[in-house]
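Below: one structure, written as structure tokens.
Here, each number is a calculation from the coordinates, and none is a lab measurement. These numbers come from a predicted model, not from an experiment. When we count neighbours, we look across all protein chains shown, and the Cβ atoms used for this are built from the backbone with ideal geometry, even at glycine.
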Amino acid sequence: MSRPLQELEAIARRIRREIIEMTGAAKSGHPGGSLSAVEILVELYFNRMRIDPHNPKWPDRDRFILSKGHAAPVLYAVMAEAGYTPVDQLNTLRKLGSIYQGHPDVRFIPSLEASTGSLGQGLSVAIGMGLAARLDGRQSRTYCMLGDGEIQEGQIWEAAMSGAFHKMDNVVAIVDYNGIQLDGFVKDIMEVAPLAEKWRAFGWHTLEIDGHSFPAIQGALNEAEATKGKPACIVAHTIKGKGVSFMENNPKFHGTAPSPEEVQTALKELQ
Ligand SMILES: Cc1ncc(C[n+]2csc(CCOP(=O)(O)OP(=O)(O)O)c2C)c(N)n1
Ligand SMILES: [Mg+2]
């Protein structure tokens, strides 16, 4: 399980292009928080998790929960490229009848681990899956991606407390720390800093990394896996809209699709 860096970077570039094309075609959706999560999802699905896209219900598989479910475009692109779902239907995002609805929905994509989009719930689901794996004596690990605005939800901290109490060393929380939520900067709406300190206080082995660096992500996931007796949290510093100049760090592109002209500009930048 170690793909060359160049290969991972090429996949990440393809995923970014797909996010732009999908949201452009849909004329709606969430490009910013999809682009900030690309490297983390690419590493998990293409270089890390023990999964078999042709046998998605394999009981010993690792699991991924996209708790910030509005970033569905990145998950759809990665799952399609990994072989779970059709690549050629990605541009039906958000259309009536498409499997690629605005938020991940197991009714339409049974290989998803959970339906998400109502923020705040995913870590509880992940910890439940971790407890089940432990009871069943399976080696499965569960990864859960959270948004930095999402963690303002109280349920996240209830889950965090329970994860440490139950010594869930098969669960990894990854916070996409891009500094922006729905309509502004997290620091102006309800500051979450100091974030790593909060997770440590809740009993999680906590690491801070550059969430766009594959070597940093790999090192953090290795350290998480080596940590016994407590869950791990990776605070991943990222840039919302990463890779597209006019989307980077711009709250507008949380939930606004690129116009046809913006799609062309973005795709040129992502060659
Ligand atoms: C319970 C709930 N409240 C509100 C929303 C609407 N909503 C969708 S995305 C979002 C902001 C999330 O910000 P963040 O977690 O930082 O996501 P990212 O920056 O990674 O896109 C909000 C408030 C929701 N989906 N669920
Ligand atoms: Mg955010």
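Decide, for region 12-77, between rounded, prolate and oblate: order the square roots of the alpha carbon gyration tensor eigenvalues as a ≥ b ≥ c, take rounded if a/c falls under 1.5, and otherwise choose prolate if a/b is larger than b/c, else oblate.
prolate
At residue 187 and residue 107, where each label point lies 7 Å from the Cα along Cα→Cβ, what is the point-to-point distance in nanometres?
4.2 nm
Show me, for region 132-146, the HN-Hα J-couplings you get by feeding each phi into the Karplus relation (A = 6.51, B = -1.76, C = 1.60, θ = phi - 60°), rounded to Hz, glycine and proline as x.
5, 4, 5, 4, 7, x, 9, 7, 3, 10, 10, 10, 9, 9, 10
Translational diffusion coefficient of region 11-139 at 25 °C, 0.890 mPa s, Stokes-Einstein with Kirkwood Rh over Cα pairs, in µm²/s as a whole number.
165 µm²/s
Each residue of region 186-191 in turn: what ³J(HN,Hα) in whole Hz from Karplus with 6.51, -1.76, 1.60 and θ = phi - 60°, glycine and Pro shown as x?
4, 5, 8, 9, 7, 4
Quick one: dipole size for the chain, taken about the Cα centre, charges +1 on Lys/Arg Cβ and -1 on Asp/Glu Cβ, in debye to the nearest 20.
So the dipole magnitude of the chain works out to roughly 480 debye.
Based on the Cβ-Cβ distance from residue 166 to residue 58, what FRET efficiency comes out when R0 is 30 Å, to the nearest 0.05?
0.75
Restrict the search to region 190-265; then list the trypsin sites (Lys or Arg not before Pro) that DSSP places in a loop and that have at most 11 other Cβ atoms within 10 Å of their Cβ.
228
Which listed residue (49, 78, 65) has the Cα farthest towards the positive end of the charge dipole for region 44-108, taking +1 on Lys and Arg C-beta and -1 on Asp and Glu C-beta about the Cα centre?
Looking along the dipole axis, the top candidate is 65.
Which entries in the list 27/187; 57/228; 68/187; 242/268; 198/252 go over 24 Å, if you measure between the two C-alpha atoms of each?
The pairs that break the limit, which is 24 Å between Cα atoms, are 27/187; 57/228; 198/252.
If R0 is 30 Å, what FRET efficiency do you get for residue 9 and residue 95 from their C-beta distance, rounded to 0.05?
Computed FRET efficiency for residue 9 and residue 95 comes out at 0.45.
Once the Cα atoms of region 65-118 are picked out, what are the Rg and Dmax in Å?
Looking at region 65-118, its Cα Rg and Dmax stand at 9.8, 28 Å.
Can you give me the relative contact order of the chain as a percent, contacts being Cα pairs under 8 Å and 6 or more apart?
So the answer I get is 24 percent.
Okay, which of region 75-104 sit inside 15 Å, backbone N to the point 7 Å along the Cα-Cβ direction of residue 265?
Residues passing the 15 Å test: none.
At q = 0.14, 0.16 Å⁻¹, what is the base-10 log of I(q)/I(0) for region 50-203 according to the Debye formula with one equal point scatterer per Cα and no solvent? Please give it to two decimals.
Debye intensities relative to I(0), on a log10 scale: -0.73, -0.93.
In a Debye calculation with equal point scatterers on the alpha-carbon sites of the chain and no solvent, what is log10 I(q)/I(0) at q = 0.11, 0.12, 0.17 Å⁻¹?
At q = 0.11, 0.12, 0.17 Å⁻¹ the computed log10 ratios are -0.55, -0.66, -1.42.
In straight Cα distance, which aspartates and glutamates are under 18 Å from residue 95, not counting same-chain residues fewer than 8 positions off?
Cross-link targets: 18, 21, 105.
Where does helix 5-26 land angle-wise versus the long Cα axis of the chain, in degrees 0 to 90, nearest 10?
Helix 5-26 sits roughly 60 degrees off the main axis of the chain.
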